[in-house]
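To keep things clear, I will list the structure first and then write my remarks on it.
The values are calculated or read from the model by the stated rules, or taken from the named source; none is laboratory data. What you are looking at is a predicted structure, and each value in this text was computed from that prediction instead of being measured. Neighbour counts run over all protein chains shown; Cβ positions are idealised from the backbone, glycine included. Side chains included, ligands, DNA and RNA excluded: accessible areas come from the protein's heavy atoms. Shrake-Rupley method; radii C 1.70, N 1.55, O 1.52, S 1.80 Å.
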Amino acid sequence: MGEPEPVRRRFGPDVTIGDLKTFMTPYVERLGYKFNTDEAFVTETLEAEIGILDETGDIYCPCRLRTGDPKQDAAIVCPCIAVNVEQFAAMRKCWCGLFIRTDIEDGSSLHGVVEAPEGPVDVRVAAESDMRDGEVRHLKLGKRDIALARVGGRFFALSNVCRHAFAPLADGYLDGYALMCPWHGWRYDVRDGTTDHPNADVKTYAVAVRGGEVFVTLG
Ligand code: SF4
Ligand code: FES
């Protein structure tokens, strides 16, 4: 029997709440989230994460059960928002409410269990000013691969997967409203996902711009 494996830590032993906030803020901002406005709750939750870090070597979610298998548990390393895009967007927060959507002013009631409303949900994907006209960007929203395009000041979202040989359409380029596949040049109209090739149209998603933020509707 050898020595037990030392716990591998993502952060050093003296990590502070401020360090975690600095690490997490840019990451969650890109996903349309911010720390809850309830600072006492944020402090309490991050203290719990530091306790778990000391024990396990990583910043697992305090409100979810770990299996002990790092591969399986990777989905609950905080912040886990990218893994649970649709559900969190519907609840307007992550499970315990450490993070809330940037469009929420007061998160003090967004703690603990909140019923996620049924039906379509708007997911914030970018700031309007992030993208210039003629730009295409790849979005990974849960299991969905989406290409987000800006044409004539408007935003369009469509499946990122070309129906010919599955190339990533967001790597292509725009010719007016046509998104050209980077591999063999199939053209997709970003407004409705149509192409000249039979039975090969791609799915599109509704996009809304509110208060300078771009939202894609899922579900
Ligand atoms: S649910 Fe919230 S606190 Fe838990 S891991 Fe996800 S982001 Fe972190
Ligand atoms: S993979 Fe898109 S045109 Fe061939």
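Relative to the longest principal axis of the Cα atoms of the chain, helix 17-30 runs at roughly 10 degrees.
Compute the signed sum of charges (Lys and Arg +1, Asp and Glu -1) over the other residues within less than 11 Å, Cβ to Cβ, of R66. Display every interim value, and only then the final one.
Details: positive: R64; negative: E55, D58, D69, D73.
Residues close to R66 contribute a combined charge of -3.
In units of the rule-of-thumb radius 2.2 N^0.38 Å, segment 3-63 shows an alpha carbon radius of gyration of 1.21. Among the trypsin sites (Lys or Arg not before Pro) in segment 30-129, those located in a DSSP loop and surrounded by at most 13 other Cβ atoms within 10 Å of their own Cβ are R64. Above 25 Å, the calculated P(r) of the chain contains 49 percent of its Cα-Cα pairs.
A 1.4 Å probe over all protein chains sorts D106, D122 by accessible area into D106, D122, starting with the largest.
Only protein heavy atoms count here; on that basis, with a 1.4 Å probe, V15 has an accessible area of about 20 Å².
To one decimal place, what Kirkwood hydrodynamic radius in Å is obtained for segment 123-218 from all pairs of distinct Cα atoms? Write out the running numbers ahead of the final one.
Working: mean 1/r = 0.0765 Å⁻¹.
Hydrodynamic radius (Kirkwood, Cα pairs) of segment 123-218 is 13.1 Å.
When the helices in the chain are scored as -39500 (n - 2.57) per DSSP H run of 4 or longer and the sum is shared across all residues, what 222 nm value do you end up with, to the nearest 500 deg cm²/dmol? Mind dumping the intermediate values first?
Values: 4 runs with 43 residues, N = 219.
Rounded to the nearest 500, it is -6000 deg cm²/dmol.
Which is the longest part of the chain that has none of the GluC sites (Glu not before Pro) sitting in a DSSP loop with at most 12 other Cβ atoms within 10 Å? Formally, the longest exposed-site-free interval is 1-104. The angle between the Cα long axis of helix 39-56 and the longest principal axis of the Cα atoms of the chain comes to about 80 degrees, rounded to the nearest 10. When the pairs K34/K71; K71/K140; K71/K143; K34/K140; K93/K140 are compared against a 23 Å limit on Cα-Cα distance, K34/K71 fall above it.
Across segment 95-103, coupling constants 3J(HN,Hα) worked out from phi with the 6.51/-1.76/1.60 Karplus curve, θ = phi - 60°, read 3, 8, x, 4, 10, 10, 5, 5, 7 Hz, and Gly and Pro carry x. In terms of its C-alpha gyration tensor, segment 44-167 comes out prolate, because a/c is 1.5 or above and the ratio a/b outweighs b/c. Among the trypsin sites (Lys or Arg not before Pro) in segment 135-219, those placed in a DSSP loop whose Cβ has at most 15 other Cβ atoms within 10 Å are K143, R191, K203.
Net charge near R210: determine it from the other residues with C-beta under 10 Å of the C-beta of R210, scoring Lys and Arg +1 and Asp and Glu -1. Intermediate results must be reported in sequence, preceding the final value.
On the way: positive: R124; negative: D103, D122, E128, E213.
Around R210, the surrounding residues sum to -3.
The distance between label points at D201 and R132 comes to 3.3 nm (points 7 Å beyond Cα on the Cα→Cβ vector).
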